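Single-structure report; data block below.
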Amino acid sequence: MDLIDNQNQPPQEKSEPFPGTLYIVGTPIGNLGDLSQRAKSILKNVSLIACEDTRRSGQLMKVIGSKVPLLSYHKHNFKSRQSQLLKILESNNSLALISDAGLPGINDPGEELVKSARENHHEVICIPGPCAATTALVISGLPTERFCYEGFLPKKKGERTERLKTISEEQRTTIIYESPHQLLKLLKELSIYCGKERPIRISRELTKRYEESIGRTIEEAITHFCINKPKGEFTIVLGGKKETKHKKIISESEALLKLNRLINKGEKSNIAAKKISEETGFDRKWLYSKLHKKLDKKTFPHKANLDKNFE
């Protein structure tokens, strides 16, 4: 991509920030040097800045010399703040939205503000900046051609289990966020659903002096954090499930017999179905659906002989 030489460009009639415009501004995730000149200019010249924490953002504004008023906008008050912020735009004033760190609008209430601004025909402009998800992805060494973002996983057991099942079958690289006190729990869950050998890379303190990237496999990551207490916020980059093309060299009855034997040895039903699916090529959901159905003689016409073959 060619760089633009500003000196050779015709002067703009108007300079940013434009009136009636919402600016989504990326802020540093650790290193203040990552704040762009354009971002600084916007944050020093808009009419109002909406932010997660006025005290934390106030420190950044002090560093760059911005005296623009700050207004809190977070998950606990965004519904009541929405109309107030839209009035700023309706009055032909400019508004900047920032988060505590990174690019707002991803996994935060910024999404709702952008949606409302668009619905009310206001211009929305992004001032690109650091993002923990993409930063961790590009240094992970895992496939980047296709990837998906999960953010923080649900806390409710049912929703979390379903999400973990989906992630375990995902063939694309997956990006997950996690707090330090929940990291080991998540890694152990991933080990159960994805297998301990699944590739993983876990980043912490991104762009800071003590930046770390831990991994290779889920098993190695668990070992590391059992010894080293997790500290800081974590960005997890999980390798996708490898596409396997198995030839169904055994019959349905043999596959089901293998499944029942694994369960009889104490393996959980869903994990057993996953393992037999990977081994035989039979669909995991089909195997699981057969577990609680009574198997008649037609299903296992030669059960005694099969038992002998597998012993």
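Okay, here's what the table says:
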read-out	value
Residue within the stretch 201-216 that is assigned to a loop (DSSP other than H, G, I, E, B) and under 18 Å from the mean Cα position of the chain (by Cα) present	yes
Any hit, the stretch 79-99, residues being under 30 Å from Arg204 (Cβ atoms) and surrounded by fewer than 20 Cβ atoms within 10 Å (Cβ to Cβ)	no
Unique match (being touching a Leu at 6+ places or on another chain (Cβ under 7 Å) and either under 19 Å from Ile127 (Cα atoms) or free of Cβ contacts under 8 Å to residues at least 40 places away in the same chain (or both)) among Leu48, Leu70, Leu43	Leu48
From Asn93, Asn107, residue being touching a strand residue (DSSP E or B) at 6+ places or on another chain (Cβ under 9 Å) and on the phi > 0 side of the Ramachandran plot	Asn107
Options Phe147, Phe78: the member that is in contact with an Asp or Glu (Cβ under 9 Å, 6 or more places away or on another chain) and either of a type in the set (Phe, Trp, Tyr) or at positive phi (or both)	Phe78
Filter result for Ser191 (among the small types (Gly, Ala, Ser) and under 15 Å from the mean Cα position of the chain (by Cα))	no
Meets criteria (assigned to a loop (DSSP other than H, G, I, E, B), hydrophobic (A, V, I, L, M, F, W, C), touching a strand residue (DSSP E or B) at 6+ places or on another chain (Cβ under 6 Å) and closer than 30 Å to Lys275 by Cα) for Leu137	no
Criterion (more than 24 Å from Asn107 (Cα to Cα), of a type in the set (A, V, I, L, M) and at pLDDT 95 or above) met by exactly one of Ile222, Ile202	Ile222
Residues within the stretch 144-162 that are under 16 Å from Ser179 (Cα atoms), part of a loop (DSSP other than H, G, I, E, B) and touching a strand residue (DSSP E or B) at 6+ places or on another chain (Cβ under 9 Å), tallied	2
Within the stretch 13-72, tally of residues that are of a type in the set (S, T, N, Q), farther than 23 Å from Ser91 by Cβ and surrounded by fewer than 14 Cβ atoms within 10 Å (Cβ to Cβ)	3
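The values are calculated or read from the model by the stated rules, or taken from the named source; none is laboratory data. Owing to the predicted nature of the structure, the values given are computational and were not obtained by experimental measurement. For neighbour counting, all protein chains shown are included, and Cβ atoms are generated from backbone atoms with ideal geometry for every residue, glycine included.
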